[in-house]
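Just dropping this structure here.
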Amino acid sequence: MKSPIFNSIKANIKYRLNLDEDKAAKHEIIDNIKKEVEFKGINLWTLIFAIIIASIGLNVNSTAVIIGAMLISPLMGPIMGIGLGAGIYDFELIKSALKI
């Protein structure tokens, strides 16, 4: 038989570590990932500037600048699109993510 103190601690830990409180709906997540897959509009401009910054970093031999360019690069959208498409068997999403 478990003590009430143990049950109280367990309930407190479950309450503190609950990840479902701020979780978005599945359709919102899928819609956001599908929207970020294509390189158009702001994603294309961000990619262009990330390429310019990476080129400057290569010219001055600066690892920090190259890593910074990778951080602002919008390449994560297609990568997440491929992963989501493979996870939910959406081959159209995979095809659109591979069209760079």
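Give, in nm to one decimal, the length gained when the segment between N32 and K2 is fully stretched (0.36 nm per residue of separation minus the Cα-Cα distance).
Values: separation 30, 0.36 × 30 = 10.80 nm, distance 4.48 nm.
Residue separation times 0.36 nm, minus the Cα-Cα distance, leaves 6.3 nm.
With each pseudo-label sitting 7 Å past Cα toward Cβ, what's the S62-K95 distance in nm, one decimal?
Distance between the two pseudo-spin positions: 4.3 nm.
Averaging sequence separations of C-alpha pairs under 8 Å and six or more residues apart, then dividing by the length of the chain, give the relative contact order as a whole percent.
Working: 67 pairs, mean separation 26.3, N = 100.
Worked out over the chain, it gives 26 percent.
Charges only on Cβ, +1 for Lys and Arg, -1 for Asp and Glu: so what's the dipole of the chain about the Cα centre, in debye to the nearest 20? Don't skip to the answer; put the middle values down first.
On the way: 11 positive and 9 negative charges, 71 e Å.
I would put it at about 340 debye.
If R₀ is 25 angstrom, what is the calculated FRET efficiency for the pair I48 and L71, using the beta carbon separation as r and rounding to 0.05? The partial results should precede the final answer.
Numbers: r = 16 Å, r/R0 = 0.63.
Approximately 0.95, to the nearest 0.05.
Readers should treat all values here as calculations from the given coordinates under stated rules, not as data from a laboratory. Everything numeric in this text was worked out from a predicted model, so none of it was measured. Neighbour counts run over all protein chains shown; Cβ positions are idealised from the backbone, glycine included.
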